[in-house]
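Let me begin by presenting the structure, written as structure tokens, before commenting on it.
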Amino acid sequence: MQNRIVKSPTVALKVGSLEFQAGEIGEQFETYHVHESVLIRSSHYFKQVLNSKFQEGIKREISLSSPVDTPKACELFLEFAYYGKCLPLQTASNPLLLYGEAYLFAEKIQATEFKDYIYQRARAEAEQSFRDLDFLFKTVKPTDLLSQARVELLETWASLIEMIYEGTYDNKDEILKAATPSDAETLFKDHLNNMKSWLEPSKIDLFRGLLSQISAQYPLVIACSPRIQKLIRCTPDFAADMFNHQLRPAVEEIEQAQIFAVPHLYSVTRKKVRLVPE
């Protein structure tokens, strides 16, 4: 494998964006020379470009300059592409935001394995951060230091919500199709199944699911942020996803009650559906 990588030709990957300073437009790019075979095996987007007759494939130079194309995100991708894992630098001031940037970059270049890896890292980081903050609020008297930690985490969380909900899409067609209308004539079992299908988490983008699930899990912490409260009012998808996570336990509780009350209407075993895939 290493020999094939070394023998593979390299591609100049220019990543960055245009910046406006003092009335002038300046280019702020970072250039990476990456083995072609590494790009092709790690990203469907790069595979399509490099195997095509586009200028980028012929010149062996690819420029990425959209808002999601940041050098930091690209560097995480390249580290993962070569070594199968990556971590933000110790100097990174905000790992969660960096994971958000990397997730959007992975979405653009269609790097499925990298995207899933970043999601798992972001989930672990977010769950630990909120768990620690929730524990401190329940066991320690409020202090300026604690208040600052809360403000910083919630500001990061709000930025992530804005970033991810602007840059990703859920499967709205499937969600709307699943949310079939029910009326007074609909059997309760069918109505319940309609609701369960509507709440199916696989129809929600992974990172959206992470943000909405944790927000629903820690409502008192989230309530401390006016910025997030505004996002709940102004971002319908986020509000709906949060509602889904709050509603799901109630639906499962009702279903369990009905299974015991009218067992012949239900199968003997029914698999539980996780809120968000691990």
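Each reported figure results from applying straightforward, stated rules to the coordinates on display, with no laboratory input. Predicted model only: the values in this text are computed from it and were never measured. Virtual Cβ from ideal backbone geometry, glycine too; neighbours counted across all protein chains shown.
Summarising the label geometry, the points placed 7 Å from Cα in the beta-carbon direction at SER8 and PHE243 lie 4.7 nm from one another. Using the average count of surrounding beta-carbon atoms within 10 Å as a protection proxy, the listed peptides 61-67, 159-165 rank, highest first, as 159-165, 61-67. Segment TYR83..ASP116, full-extension length gain: 10.3 nm, with 0.36 nm per residue of separation and the alpha-carbon distance subtracted. Each of GLN148 and ALA223 was given a label point 7 Å from its Cα along the Cα-to-Cβ line. The distance between the two points is 2.7 nm. Residues whose amide H lies under 5 Å from that of SER63, counting only those 5 or more places away or on a different chain, are LYS14; hydrogens are built 1.01 Å from N in the peptide plane.
Provide the FRET efficiency to the nearest 0.05 for the PHE54-ALA124 pair, computing r from the beta carbons and using R0 = 25 Å. Walk me through the intermediate numbers first.
Values: r = 38 Å, r/R0 = 1.52.
With R0 = 25 Å, the Cβ-Cβ based efficiency is 0.05.
Taking the Cβ of each residue in THR139, THR31, THR235 as the centre, tally the other Cβ atoms inside 10 Å and list the residues starting with the fewest. Could you put the intermediate results ahead of the total?
Numbers: THR139 7, THR31 12, THR235 17.
So the residues, fewest neighbours to most, are THR139, THR31, THR235.
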